[in-house]
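K.L.:
Before anything else, here's the structure in question.
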Amino acid sequence: MAEKPRAVLRAVLRFGSPRRLRRTWAWLRGIAAEVRRRRAEPRLTVAVDVNSFYEPLTGVGWYLHQILVHLAGRDDIRLRLYGQSLVEGDPGAPRPVVDFPAGPAVERVVYDAPDGLVIPPWRARQVLRRLAPLLAAADGNQVLFAPNYLFPSLFRLARGARVATIHDLGVRKVPWAVRPDSGEALLERLDRTLFEADLLLTPSEAVRQELIEMGVAPGRVRAIHHGTGLVAEGEATTTPARTPPRYALHVGTVEPRKNVSTLLAAWRLLRLRRAEPPPLVLCGGFGWQAEAARREIGAAEAEGWLVHLGYVSAEELAALYRGAEMVALPSFYEGFGLPAVEALRAGAPLVASDLPVLREVAGDAALYAPPDRPDLWADRAGELLVDDGLREELRRRGRERARLFDWGQAAAETARAFRAAADPPLPEAL
């Protein structure tokens, strides 16, 4: 360890010309001035972990992006975005895969080391990376926001109120349906989040109640419904080339939690009953433990009553929702159920698993069946597919229900949660 300080000292002695010393001093003063400016910010300051922007947008990344987009124009809050590195200009540094939302509320926190200092730029960036947790703490943010369960190590020295979003508790509720590697990694740190967070956000009252049942105080958990998904961004064009004229739709990765096997079994029952259901269309790739489902899907495709499209564009998915005679969501567990909201918004008749969270989201705009009962799934699907009036009624109810899910409202409630965490009410006097 002693060798690195000596190496820095040797570099300083080697490159320490008066001009380099002046530039280095000006650079350090600039960093200090930035910290002082941030600390003097009169608005509510929130440090936001944006690590999810450095990989293709999943549900978590889309959630964070929409919250920031809808808060970016506000003048009563300062959202400071901290990525995987505080250092720019390093050829090896990760790059975001989406544009950062912009507006008067948003500030991206980055530093760079120019050429001409008393140490080489690569060494200065190395020092900045080592000092990153201290620099983040020095900004004095009032709130630290972890939108993906866990607080990043960058926030470990910061002292602001801690707010984290817990999207679901699948790792505890259906551990057999979660990849062991990701599940173990999450479990190791989830308990720490639940312990140290001042406020926990959930996308549904169902997940909120699950946390309370685990022993989290009700006052530390707020349920804030999400808005719609990526499909809402795309104008419906035409369905993919292989789409049948009539079809029922399932959207989701083929993995244990999504329970595609129950849907396939229900369709086989319908075919045995000579109900002649429309073909099933599956959107989504294969996830973990999908070998058995892959075989079932291959057999159904060979028999001609299923089409597996894999991944499709947002525009194609919007068209698929709008043209579906039925959308099926047979999941064993959900934290919110985004495909349900997307189906409601598109006016697609919905049959969903009889789970508290899906009843919370869809209400009377869907039919329900237990996820482990293919026979009842066949009953509900058969009922819906033969009853034109029922389908039209569910379309109408779905469009009305979808109005409840709005990113602008979700962002406003999230901002209120930040303020509540930063300025909690005083305890009642004894």
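Nothing in this text is a laboratory measurement; each read-out follows from the coordinates by a stated rule. Since the structure is predicted, the reported quantities are computational estimates derived from the model, not experimental observations. Cβ placement follows ideal geometry from the backbone for every residue including glycine, while neighbour counts extend to all protein chains displayed.
K.L.:
Within region 74-88, find all residues whose amide N lies under 20 Å from a label point positioned 7 Å from the Cα of residue 122 along Cα-to-beta-carbon.
P.N.:
In region 74-88, the label zone of residue 122 (backbone N under 20 Å from the point 7 Å along Cα→Cβ) covers 85-88.
K.L.:
Something else about it: Mind telling me which of 164, 343, 319 comes out most flexible in a GNM of the chain, alpha-carbon contacts under 10 Å?
P.N.:
With Cα springs under 10 Å in the chain, the top fluctuation among 164, 343, 319 is at 319.
K.L.:
Compute the helix-to-body angle for 260-272: its Cα long axis versus the longest principal axis of the chain, expressed 0 to 90° and rounded to tens.
P.N.:
Relative to the chain, helix 260-272 is tipped by roughly 10 degrees.
K.L.:
Give the separation of the Cα centroids, region 27-70 to region 192-211, in Å.
P.N.:
So the two Cα centres are separated by 22 Å.
K.L.:
Right, next: Compare 84, 409, 126 in a GNM of the chain, Cα atoms joined below 10 Å, and give the one with the largest fluctuation.
P.N.:
126
K.L.:
Report the relative contact order of region 230-403, percent, no decimals, based on alpha-carbon pairs under 8 angstrom and at least 6 residues apart.
P.N.:
Relative contact order comes out at 26 percent.
K.L.:
Which one, 350, 340, 310, projects farthest toward the positive side of the charge dipole computed for region 230-403 from Cβ point charges (K/R +1, D/E -1)?
P.N.:
Positive-end residue among those listed: 350.
K.L.:
Express the relative contact order of the chain as a whole percentage, based on alpha carbon pairs under 8 Å and six or more residues apart in sequence.
P.N.:
Worked out over the chain, it gives 14 percent.
K.L.:
Going by a ≥ b ≥ c, the root eigenvalues of the Cα gyration tensor, does region 230-403 fall in the rounded group (a/c under 1.5), the prolate group (a/b larger than b/c) or the oblate group?
P.N.:
rounded
K.L.:
What is the magnitude of the charge dipole of the chain about its Cα centre, with +1 placed on the Cβ of each Lys and Arg, -1 on the Cβ of each Asp and Glu, and no other charges, expressed in debye to the nearest 20?
P.N.:
2380
K.L.:
Helix-derived [θ] at 222 nm for the chain: sum -39500 (n - 2.57) over DSSP H runs of at least 4, divide by residue count, nearest 500?
P.N.:
Value at 222 nm, helices only: -14000 deg cm²/dmol.
K.L.:
Using only Cα atoms, what Kirkwood radius does the chain have, in angstroms?
P.N.:
For the chain, inverting the mean 1/r across all distinct Cα pairs yields 24.2 Å.
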